[in-house]
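Everything on this sheet refers to the single structure shown next.
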Amino acid sequence: MRTRVRGWRWRRNPLRRRSDVIEAWTTVIVAVLLCFGAPLAGTAVGWWAYGNAHATQVTQRAQRHQVPAVLVEDAPAAVPSAQGGKQPLYQVKVRLTEPGKAPRTTLAQVQAGSRRGDPAEVWLDAKGHGVAPPPSDAAVWQHTLTAGVWAAGGAAGAVLLARAVFRRVAERHRMAEWEAEWARTGPEWGRRTA
């Protein structure tokens, strides 16, 4: 029957080697890094990503404006989807009138299945070119969470990879110590005493 003794690496023991103590301390450090370091890294990167994404959103909202438009041509029909997923956007010609300017025709992205004469909203930049809408609040938060989760996962992966490399090096060192000890004690085991 096998008995397990808790904390044997921390106690004074003639069988305890220096490598056992180092491995025990390494386990504690890895646990702390996984419990606190990885989440802190994810939070810091998420916070940074939110600041950048929010600044981009605010800048784009200031530089772009939305103008009502009317479709001049039909968009391709909606694509049947087995899962009822999001339909693609298609570029079609729309007629828009900016305040104080003459009506004009330009390309805009609209939902599949939109028909001629349907209203649409077009985003324009300061030069009057059609551009994508600025990121929504949901897109900013999605970017933030994605960056934070990937950073936390990357930090945890790096810690675990470092732990695996350390264990491999420690195991080689331990085997070399055992080989040296056996080289000293092995010949005595082979002697016959009468």
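From the list Gly117, Gly153, exactly one residue is open to solvent by less than 80 Å² (accessible area, probe 1.4 Å) and assigned to a helix (DSSP H, G or I). Which is it?
Values: Gly117 fails: assigned to a helix (DSSP H, G or I).
Checking each option against the conditions leaves just Gly153.
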- Note on the structure: Expected single match for at pLDDT 85 or above and touching a His at 6+ places or on another chain (Cβ under 6 Å) among Val140, Val165 is Val140
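Among the candidates Ala176, Ala194, Ala120, Ala180, single out the residue that is closer than 30 Å to Ala69 by Cβ and at pLDDT below 95. It would help to see each step written out before you state the result.
Working: Ala176 fails: closer than 30 Å to Ala69 by Cβ; Ala194 fails: closer than 30 Å to Ala69 by Cβ; Ala180 fails: closer than 30 Å to Ala69 by Cβ.
Going through Ala176, Ala194, Ala120, Ala180 in turn, the sole match is Ala120.
Among the residues of the range 94-114 satisfying the criterion of being polar (S, T, N, Q) and surrounded by 14 or more Cβ atoms within 10 Å (Cβ to Cβ), which is nearest to Asp74 (Cα to Cα)?
The initial filter retains those residues of the range 94-114 that are polar (S, T, N, Q), namely 97, 105-106, 109, 111, 114.
Next, only the ones that are surrounded by 14 or more Cβ atoms within 10 Å (Cβ to Cβ) stay: 106, 109, 111, 114.
Working: Thr106: 14, Gln109: 12, Gln111: 10, Ser114: 6 Å.
If we take residues in the range 94-114 being polar (S, T, N, Q) and surrounded by 14 or more Cβ atoms within 10 Å (Cβ to Cβ), then Ser114 is nearest to Asp74 (Cα to Cα).
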- Which one is farthest from Asp125 (Cα to Cα), of the residues in the range 38-67 that are aliphatic (A, V, I, L, M) and open to solvent by 70 Å² or more (accessible area, probe 1.4 Å)? Leu40
- Message: Looking only at the range 1-38, filter to residues that are small (Gly, Ala, Ser) and either over 30 Å from Val149 (Cα atoms) or in contact with a Pro (Cβ under 8 Å, 6 or more places away or on another chain) (or both); which one of those is modelled with the highest pLDDT?
- Response: Ser19
- Pair list, Cβ under 8 Å, 6 or more apart: the range 125-138 residue free of Cβ contacts under 8 Å to residues at least 60 places away in the same chain, other residue surrounded by 12 or more Cβ atoms within 10 Å (Cβ to Cβ) and assigned to a loop (DSSP other than H, G, I, E, B): Gly128/Glu98
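In the range 156-190, which residues are among the charged types (D, E, K, R), open to solvent by less than 100 Å² (accessible area, probe 1.4 Å) and more than 36 Å from the chain's Cα centre (by Cα)?
We begin by selecting, within the range 156-190, every residue among the charged types (D, E, K, R); these are 163, 167-168, 171-172, 174, 177, 179, 181, 184, 188.
Filter once more, keeping what is open to solvent by less than 100 Å² (accessible area, probe 1.4 Å): 163, 171, 174, 177, 181.
Answer for the range 156-190, where residues must be among the charged types (D, E, K, R), open to solvent by less than 100 Å² (accessible area, probe 1.4 Å) and more than 36 Å from the chain's Cα centre (by Cα): Arg174, Glu177, Glu181.
Residue-wise test of (1) of a type in the set (A, V, I, L, M); (2) under 23 Å from Arg61 (Cα atoms).
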| site | (1), (2) |
| --- | --- |
| Val131 | yes, yes |
| Pro135 | no, yes |
| Thr146 | no, yes |
| Val149 | yes, no |
| Ala158 | yes, no |
| Ala162 | yes, no |
| Phe166 | no, no |
| Arg172 | no, no |
| Met175 | yes, no |
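The values are calculated or read from the model by the stated rules, or taken from the named source; none is laboratory data. Quick caveat: nothing in here was measured; it's all calculated off a predicted structure. Note that each Cβ is placed from the backbone with ideal geometry, even for glycine, and that neighbours are counted across all protein chains shown. Ligands, DNA and RNA are excluded from the accessible area calculation, which covers all protein heavy atoms including side chains. Shrake-Rupley method; radii C 1.70, N 1.55, O 1.52, S 1.80 Å.
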